[in-house]
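One structure is given here, and the rest of the page talks about it.
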Amino acid sequence: MSHEVEEIMKYKILIPEAVSGAGQQYLRDKGYEVFIGTGNTVEIMKKEVQDCHGILARTAPFTSEVMEAGPELRVIGRHGVGVDNIDVEAATRLGIQVTNAPESNSGSVAEHTIGLIIAIARNFVLHDKEMRASNFAIRNKVLGSDLENKVLGIIGTGRIGRLVAKKAVGGLDMKTIGFDPYVEASAVDGIKMVDSIEQLLKESDFVTIHIPATAENVGLIGIDELKLMKQTAFLINAARGGIVGEAALAEALSGQIIAGAALDVFAEEPPDPANPLFKLDNVIVTPHSAALTRECMDRMALHAAQGIHEVLSGETPTWPVNKLT
């Protein structure tokens, strides 16, 4: 047995929430002790992280308390892209490397987004509901919208936003415009970049959001922004809850300020069943499931596990989130 494998066998990895077996098996094959946690609350994780060197993290809150309770903790591998549930600043201060899996779920989220666009444009959910109630006449009362030549506005033209554009243009003959303050206009093939969110909202028939829930992005779309959209336009959010003000969106939808919306994410998850959006027929909702395909779950677990192994074996992580000095 090599010295490197002997060293790795001393390391223990905590997995507080269920992940695909692909990630677990990868770690076991590399010689790690994999500890499946008993819960994902802060108090439980504080107890169970005490002798662990790494965490394969999903959606639980990884606060400074949790990290400080693990004196041996060296790496947190995030199962997915967003790290808003991880106190990255605290991790950096404590010398803990955070990695994520940005290449694992892009295609799955892009496909889900396209599915939501088609479903809301063609009233799939409403028509299904009415058909089950023997209302065949709904076919003439609520008409759908073609997608060909419609303008799709993409807020955030990173990996997922670009894939959405590629599928929308190549598969649906849509036109795409985009806004992203962090991307040069000339750097995005197939998307006409505009100078402001306001311009994008005014020109788009469909608006889809693909940005993280940073402090500057929370509440980005409120009632004033929604009023800039066409009355016939639709809003899609498969990024993060809180970016769109839910009360404002309910007001815009019930007041016919915009035609409809499709949401995969909510400010509070699980959302309150009394959320006014759930009472509206021009809204489609899914349970933060854009990345939850069998294939994507395998990739997210595997890529998170790879990040953990890279750090603990002394390699440079492929997908670092923070920079340690």
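The values are calculated or read from the model by the stated rules, or taken from the named source; none is laboratory data. Bear in mind the structure is a predicted one, so any value in this text is a computation, not a measurement. Because the Cβ atoms are built from the backbone with ideal geometry, glycine has one as well, and the counts that use them run over all protein chains shown.
A single entry from VAL42, VAL19 fulfils the requirement of being under 28 Å from LEU263 (Cβ atoms), among the hydrophobic types (A, V, I, L, M, F, W, C) and surrounded by fewer than 16 Cβ atoms within 10 Å (Cβ to Cβ): VAL42.
For the stretch 22-35, filtering for residues that are of a type in the set (A, V, I, L, M, F, W, C) and buried (at least 21 other Cβ atoms within 10 Å of the Cβ) leaves 1.
What are the residues in the stretch 252-303 that are closer than 22 Å to LYS202 by Cβ and without any contact (Cβ under 8 Å) to a residue 24 or more places away in the chain, if any? Answer for the stretch 252-303, where residues must be closer than 22 Å to LYS202 by Cβ and without any contact (Cβ under 8 Å) to a residue 24 or more places away in the chain: just GLY255.
Filtering the stretch 234-264 down to residues that are within 19 Å of the chain's Cα centre (by Cα) and of a type in the set (Asp, Glu), which residue is surrounded by the most Cβ atoms within 10 Å (Cβ to Cβ)? Only one residue fits best here, namely ASP264. Here SER145 passes the criteria (1) of a type outside the set (A, V, I, L, M); (2) closer than 16 Å to PHE206 by Cα; (3) within 24 Å of the chain's Cα centre (by Cα) except the one numbered (3).
With respect to (1) outside the structural domain of GLU33 (by TED's automatic domain parsing); (2) crowded, with 18+ Cβ neighbours inside 10 Å; (3) of a type outside the set (Phe, Trp, Tyr); (4) more than 13 Å from the chain's Cα centre (by Cα), the lone exception for ALA267 is condition (4). Of the numbered criteria (1) more than 30 Å from ILE155 (Cβ to Cβ); (2) buried (at least 16 other Cβ atoms within 10 Å of the Cβ), the one HIS112 fails is (1). With LYS150, LYS141 as the choices, which residue is in contact with a helix residue (DSSP H, G or I) (Cβ under 9 Å, 6 or more places away or on another chain), of a type in the set (D, E, K, R) and loosely packed, with under 14 Cβ neighbours inside 10 Å? Matching residue, one of LYS150, LYS141: LYS141. Filtering the stretch 23-30 for residues that are farther than 14 Å from GLN306 by Cβ, in contact with a helix residue (DSSP H, G or I) (Cβ under 9 Å, 6 or more places away or on another chain) and without any contact (Cβ under 8 Å) to a residue 12 or more places away in the chain leaves an empty set. For the stretch 68-88, taking the residues that are modelled with pLDDT under 95 and of a type in the set (Val, Ile, Thr), the one that is nearest to the chain's Cα centre (by Cα) is identified as VAL81.
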